[in-house]
Amino acid sequence: MQVFIQKESFDVGAHYDFLVRAFSGAAVVTFTGYVREYSDQGDLTGLELEHYPAMTERRLQELGEEAAARFDLKTWRIVHRYGRLEVTDPIVWAGVVADHRGAAFDGCQFIMDTLKTDVPFWKREYLSNGKVQWVEAKNNDNLRRQRWR
Amino acid sequence: MITIRFFASVREAVGTAVLTIDEPFEGKHVADLKSWLASRYGDVWHEALFQPNLVHAVNQVVVDPDTALHDGDEVAFFPPMTGG
């Protein structure tokens, strides 16, 4: 299995070990995203992630396959959480294996840049002042996504 | 029958997560469905479904509002995605 969509936390080391054992590539690049302690609206106490289950799974699978074809990846894996998350919790993890570092860096970055704008997850921030608000899509994320088109 | 799902701020605005309708929408477009929902449920729905950044999906694929509908389709409306 290459796509994991789950409520519970995950072990970054276990996913990394799987990748390097699954394929004897020469280059491994991984990314882990954690819940920030602050946003542009103030300090955070946590996040809640909503998603569209059927579409999320399908899009993450397609995204990994597209990355593998485009960057000649030997293997890949994507983990994404939903539900309530606390500050410093891991949210997302992507790992790829390729023959060379260029393809590995690009493949992992392509996955993350595309995941941000094209996979149906929505973040809601819980602020320390008690406010709860939906995170707005950022133009910078759209620009990063555009680079890969 | 068409199933309609709403997510995140759009779900909150319209006050429902899922709706099924039996109206004959065969051959009509996603935009027609939005107009039908807005005329049936009122201004709040109109505002939510015609916001400029709304994302439209049919059968879990993002589409343009001029996409034709077919019986059994699952349509979804949601704001820009903010994962990762």
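The values are calculated or read from the model by the stated rules, or taken from the named source; none is laboratory data. Because the structure is a prediction, the values reported are computed rather than measured. Cβ placement follows ideal geometry from the backbone for every residue including glycine, while neighbour counts extend to all protein chains displayed.
Structural remarks
- Test result for B:VAL58, in contact with a Ser or Thr (Cβ under 8 Å, 6 or more places away or on another chain), more than 12 Å from every other protein chain (Cβ to nearest Cβ) and among the aliphatic types (A, V, I, L, M): no
- Index of the failed condition, B:THR67 passing every other in (1) within 13 Å of A:TYR52 (Cβ to Cβ); (2) at pLDDT 95 or above: (1)
- Test for A:PHE31: is it hydrophobic (A, V, I, L, M, F, W, C), modelled with pLDDT of 95 or more, in contact with a Gly (Cβ under 8 Å, 6 or more places away or on another chain) and buried (at least 18 other Cβ atoms within 10 Å of the Cβ): no
- Within the stretch B:1-68, strands (runs of 3 or more DSSP E) holding 2 or more residues that are closer than 22 Å to A:ARG124 by Cα and touching a helix residue (DSSP H, G or I) at 6+ places or on another chain (Cβ under 9 Å): B:2-6, B:55-58
- Residue count for the stretch A:110-128, restricted to those that are within 10 Å of the chain's Cα centre (by Cα) and assigned to a helix (DSSP H, G or I): 6
- Residues satisfying the stated conditions in the stretch A:34-61, i.e. surrounded by fewer than 16 Cβ atoms within 10 Å (Cβ to Cβ) and more than 23 Å from A:GLY130 (Cα to Cα): A:PRO53, A:ALA54, A:GLN61
- Residue within the stretch A:115-127 that is in contact with a strand residue (DSSP E or B) (Cβ under 8 Å, 6 or more places away or on another chain), within 30 Å of B:ILE4 (Cβ to Cβ), away from chain B (no Cβ under 14 Å) and of a type in the set (Lys, Arg) present: no
- Within the stretch A:87-109, restricting attention to residues that are assigned to a helix (DSSP H, G or I) and within 14 Å of chain B (Cβ to nearest Cβ), the residue that is surrounded by the fewest Cβ atoms within 10 Å (Cβ to Cβ) is A:GLN109.
- Annotation note: of A:TYR34, A:TYR38, A:TYR16, the sole residue that is of a type outside the set (A, V, I, L, M) and within 14 Å of another protein chain (Cβ to nearest Cβ) is A:TYR34.
- The stretch B:1-24 residues that are on the phi > 0 side of the Ramachandran plot, paired with ones that are of a type in the set (Phe, Trp, Tyr) (beta carbon under 7 Å, 6 or more apart): B:ALA8/A:TRP122; B:ALA8/A:TRP134; B:ALA8/B:PHE78
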